[in-house]
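The values are calculated or read from the model by the stated rules, or taken from the named source; none is laboratory data. None of the values given here were measured: they were computed from a predicted structure. Ideal geometry is used to build each Cβ from the backbone, glycine not excepted, and the neighbour counts take in all protein chains shown. With ligands, DNA and RNA removed, areas are computed over all heavy atoms of the protein, side chains included. Shrake-Rupley method; radii C 1.70, N 1.55, O 1.52, S 1.80 Å.
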Amino acid sequence: MGSQMAPNDRVLIPQKTIGNNTPALIHLADDLPDDLTWWVDQYFQFEVTTSPASQKVQRRDLALFLRYMRAEERHDQRAAWTPRLSRAFHLHLQRALTLQGTRTWSEKTILRIMAHLKTFAKWVHKLRPFPLGNPMAKLKLPAVGTGLEVDRALTPAERRKLLDAADLLLTMGGRSKDRKRYKARERPQRKGYRPYRNRAMIYTLIETGMRRGAIVRLDLESLDVQRRALTVLEKGGYTHTYRISQEGLRAIHDYLTHERPQDAAHWQSAALFLPATTVTQSTGRLAVLAVSTIWQAVCQTAQVQGRTPHSARHAMGKHIIAKTGNIAAVQKQLGHKQAAYSMQYARITAEELERVLDER
């Protein structure tokens, strides 16, 4: 379609598919509406083929832009969507703060919103060109998924609190919840509770930067005590070797000495970290959900909020950069296939920059 198309010209919108999977054309009447609300409806009716859950997110992201446009322009007419409006919206997302002073949207969320907006703009422009060209064409964004939320890394104080809380598992973890029965005496530890295992898992997450999914794929034979190394099959189908600190290695040694033998006799599993014998249904490996549950319980004891196992991975990357300044060292420890991921840890947060300036 030529760029001289007037708003009232007939528009042919490709239908998703017909019986033989060949795109069909839907003939729409003349004098069509030209507001973006109408175009969004046509977009989801004729173009979008993702799952209902994904479409819900897409609609929410596009609605966010439409609300911003109406607030700025007092309408959402297609012709008013310009490259400058797109850049202003992007800046709005980056600068928006909550009542607590934290960012409303993370970089990952912003990338997702802008990617959905970019796809929508391209589709509209193909059918009815914008007066100033595709409003998203020149807005350069990194590929979705390449941005790491390194600002969510554990702080040194949070790491210390979590490791202290993990140590407390040996004496205080897994106590019976029956307060009435044990009112007059100390509640015993539950039979199926594994404090040494849980402690070792927390140490492994924090002291290697390993992903939680890798924790459950670790095999006993993957542990190299002499090299202080753990080799694991990553989700992408490749193996990677993580080095672990002396503290982390001691925690694993304690688990192998005090707990694993009793469970190993039952499961006959190659996994390093085993389910308790009291578990009725298992493959002999822990589920990823179990790692998250253990992590959350330790966070609660440590009074550390808003941190996930991945926060420990980010903390490891930042720690290596701080100590070595070597991006290759981050890549080697965390197993990034692309150095661009490792380079994220060289970024400095606004809070860190302010602290550096104040310390002059």
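General remarks:
- Shape of the range 29-104, Cα gyration tensor, a/c cut at 1.5: oblate
- Protein accessible area in the range 38-149, 1.4 Å probe - carbon and sulfur %: 55 percent
- J(HN,Hα) series, the range 114-124, from Karplus relation 6.51 cos²θ - 1.76 cosθ + 1.60, nearest Hz, glycine and proline x: 5, 5, 5, 5, 5, 5, 5, 4, 4, 5, 4
- Per residue accessible area of the range 246-342, 1.4 Å probe, in Å²: 53 Å²
- Distance from the range 205-244 to the range 93-127 (C-alpha centre basis), Å: 35 Å
- Only protein heavy atoms count here; on that basis, with a 1.4 Å probe, His253 has an accessible area of about 110 Å².
- Anisotropy class of the range 199-281 from Cα gyration tensor, a/c 1.5 cut: oblate
- Peptide ranges 201-209, 55-63 listed from the most packed, as the mean C-beta count within 10 angstrom indicates: 201-209, 55-63
- Placing a pseudo-label 7 Å from each Cα along the Cα-to-Cβ vector at Met172 and Lys140 gives an inter-label distance of 5.2 nm.
- Percent carbon-and-sulfur accessible area, the range 193-233, ignoring ligands, DNA and RNA, probe 1.4 Å: 45 percent
- Efficiency of FRET from Cβ geometry, Met343 and Thr98, R₀ 22 Å, rounded to 0.05: 0.20
- Under conditions of 4 °C and 1.567 mPa s, the range 270-342 yields 87 µm² s⁻¹ as its translational diffusion coefficient, taking Rh as the Kirkwood radius over Cα pairs in the Stokes-Einstein equation.
- Among Ile113, Phe89, Gly101 the positive-end extreme of the charge dipole of the range 72-132 (Cβ point charges): Ile113
- Rounded FRET efficiency, nearest 0.05, which uses the C-beta distance separating His75 from Ser292 and R0 of 41 Å: 0.35
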